[in-house]
1. Carbon and sulfur together cover what percent of the accessible area of the range 4-98 at a 1.4 Å probe radius?
2. For the range 32-47, take each phi angle, set θ = phi - 60°, evaluate the Karplus expression 6.51 cos²θ - 1.76 cosθ + 1.60, and give the result in whole Hz per residue in order, putting x for glycine and proline.
3. Pick out, in residue order, every one of the chymotrypsin sites (Phe, Trp or Tyr not before Pro) in the range 1-98 that is DSSP loop and has at most 16 other C-beta atoms within 10 Å; say none if there are none.
4. Efficiency by 1/(1 + (r/R0)^6): what FRET value for K21 and W242, r their Cβ-Cβ distance, R0 = 45 Å, to the nearest 0.05?
5. Using each residue's phi in the range 65-78, evaluate 6.51 cos²θ - 1.76 cosθ + 1.60 at θ = phi - 60° and report the 3J(HN,Hα) Karplus result to the nearest Hz, with x for Gly and Pro.
6. Whose amide H sits under 5 Å from the amide H of F65, counting only residues 5 or more places off or on another chain, with H placed in the peptide plane?
7. Taking a cut-off of 24 Å between Cα atoms, list the lysines near K3, but don't count ones fewer than 8 places away on the same chain.
8. Which parts of the range 97-119 would a label at D89 reach, counting a residue when its backbone N lies under 19 Å from a point 7 Å out along Cα-to-Cβ?
Amino acid sequence: MSKAFLSVVIPSYDEMANLQKGVLNKVEQFLSKKKYSYEVIIVDDGSTDGSVDFVKKFCSNNSSFKLIENPHLGKAGAVTTGVLNSKGDFVLFSDMDQATPIEEVDKLLPCFEEGYDIVIGSRKSHRQGAPWTRILMAKGMIFLRSAIVGISGISDTQCGFKAFSKKIANDVFPRLKVFNIERKAHGSTVTAGFDVELLYLAKLYGYKIIEVPVEWHYQETRHVNPLMDSWESLLDLVKIRWNSLRGVYR
């Protein structure tokens, strides 16, 4: 596909359980009914559970779906790879578990017509079905994000449902420093600092961002380790702040 209106980027790391639930079929069934052109880019992040073969077979039967195979770089590296290889006028990244259903993109796209550069899904304080550990992690991230990095005007930086004008995405993603494409991942940690660095840069460069409330349902996942992920996120926030103080982002 040479050009598309919307590109959807979905990172995948050992996602066989979700794939077997038919998540890609649901994405295809929704997008195929749209009048605009689209592509779906699944970026495998070095999976070892056989999910690569599953995705390859799905893509062979669905021409609008494409697989990119990465070494294990983590979610940030997978998303960045997909975004920079996308061909749509607008690009959305969404989680494989579809905690925020693909249908919610209908709430985001109209905001680009209003002049916004980045439109992010927001759960506000609503975390339907989430265990207390995830709620505590979310509240801790809000506090640390404000105290260390100082992002203001955004209530939910962590919702994995964000859309960008392709022009803006091409400007912001290559400027990531803590979560650049060369960063290696170990295990299945959730890199919460990725979203923070991304939005920090966007605000620094003066791009117009709006939050839009979206539906979100907690999905059980083994990719989250509350203790290790919280510690890693803290270190990443400190790195972002240190880069900011040194003028690295300018």
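The values are calculated or read from the model by the stated rules, or taken from the named source; none is laboratory data. Since we're looking at a predicted model, the values are computed, not measured. In this analysis, Cβ positions are derived from the backbone assuming ideal geometry, glycine residues included, and neighbour counts consider all displayed protein chains. Remember, those area values only see protein heavy atoms, side chains included, never the ligands or the DNA or RNA. Shrake-Rupley method; radii C 1.70, N 1.55, O 1.52, S 1.80 Å.
1. 48
2. So the Karplus estimates, Gly and Pro as x, are 5, 8, 7, 7, 8, 7, 8, 9, 10, 10, 9, 10, 7, 9, x, 5 Hz.
3. Here the sparse-neighbourhood loop sites are Y36.
4. It comes out at approximately 0.65.
5. Couplings: 9, 9, 10, 10, 9, 9, x, 6, 10, x, 4, 4, x, 5 Hz.
6. V40
7. Hits, sequence-local ones excluded: K26, K33, K34, K35, K56, K57, K66, K87, K107, K162, K166, K167.
8. 105-119
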